[in-house]
1. Using 0.36 nm times the number of residues separating V5 and V155, minus their current alpha carbon distance, what extension gain do you get?
2. Given R₀ = 45 Å, what would the calculated FRET efficiency be for E223 paired with A27, taking r from the Cβ atoms and rounding to 0.05?
3. If each of H100 and I285 carries a label point 7 Å out from its Cα toward its Cβ, how far apart are those two points in nm?
4. Zone of E57 (label point 7 Å along Cα→Cβ, backbone N under 19 Å): which residues in region 134-155?
5. Taking the Cα atoms of region 179-228 alone, what are Rg (to one decimal) and Dmax (as a whole number) in Å?
6. Starting from 0 in steps of 5 Å, tell me what percent of the Cα-Cα pairs of the chain lands in each bin.
7. What residue among A127, A160, A252 has the largest mean-square fluctuation in a Gaussian network model of the chain, using Cα springs under 10 Å?
8. Once every DSSP H run of n ≥ 4 in the chain is given -39500 (n - 2.57) and the sum is divided by its residues, what mean residue ellipticity at 222 nm do you get, rounded to the nearest 500 deg cm²/dmol?
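Nothing in this text is a laboratory measurement; each read-out follows from the coordinates by a stated rule. As the structure is a prediction and not an experimental result, all values here were calculated from the model. Here the Cβ positions follow ideal geometry from the backbone for every residue, glycine too, while neighbour counts run over all protein chains shown.
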Amino acid sequence: RVAYVNGQYRPHGQAVIHVEDRGFQFADGVYEVWSVFDGRLADFDGHMTRLHRSLNELRIDIPMTREALGRVLNETVRRNRVREGLVYLQVTRGTARRDHPFPPEGTAPSVVVTARSLPLSKGDASAKKGVAVITHPDIRWGRCDIKTVGLLPNVLAKQAAKERGAAEAWMVDEMGLVTEGSSTNAWIVDEHGKLRTRDAQANILQGITRAAVMALIADEGLELEERAFSVDEAKRAKEAFYTSASGFVMPATSIDGVKIGDGKPGPIATRLRALYLDRAMRDAI
Ligand code: PLP
């Protein structure tokens, strides 16, 4: 395997970042993940636009043009011979003597790209059966709209899920409303058959897969309400599912051990998954 680090492609085992990198010292960086179909990147523009937004919000310099970065992403995919899988990008504020304020102007951001294979069939097998989710308090900060590498609360939530035999943790705010998954956006089809997902302005990440699925919902003429739902509403829902670049649309068939609907992946989640995969494969570049 090969990783791109600050202008060079290096063997994966020798791909390293300086100990004074601000990503390591302060989680002072942002990231993106694209899924790869047939060696091409899905939702390329959406992730690239969100990357620029995240960098802009944190006032980290844009390290290279969209086109140049696109070439690095594609080249990393090619050199790792990934046909189906994921490509990961991280940009940090760079390497500088450890000090909390931003480093001197002109400090170059660090750029890292890795790619790995992940067969589509693996996610498909989970989607066919459905997966379990647990709920977990949302202990994150007030700027969850920025895709930062400060993911410790997300790590703790996902580990709690793993230890309870679940695939994802849905984080819950102090009002008892679901915010989002540890690395996914959360959705239900409520008791009345209406799709529900939390408003993207309400301190969650604006998922690129979420936005793509919203467009499909509109095309299908389904009803959608962008309004937070409670854990109780989720447990009474007809369907539950979550979305992300790595999992696409994943049906959740239990929440904290409570069966959702008839305990099988629901028709709406199943259809949205098929539609999303079709469109993403067609439009990947
Ligand atoms: N919410 C959080 C907290 C995430 O970390 C992610 C992805 O990593 C998502 C939602 C899903 O976003 P996307 O569909 O852009 O992958």
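1. Values: separation 150, 0.36 × 150 = 54.00 nm, distance 2.42 nm.
So the extension gain works out to 51.6 nm.
2. Here the calculated transfer efficiency is 0.70.
3. Once both label points are built, they end up 4.2 nm from each other.
4. What the label zone holds, given the 19 Å backbone N cut-off, is 138-155.
5. 10.5, 29
6. 1, 6, 12, 16, 18, 17, 14, 9, 5, 3, 1, 0
7. Top of the fluctuation ranking is A160.
8. -10000 deg cm²/dmol
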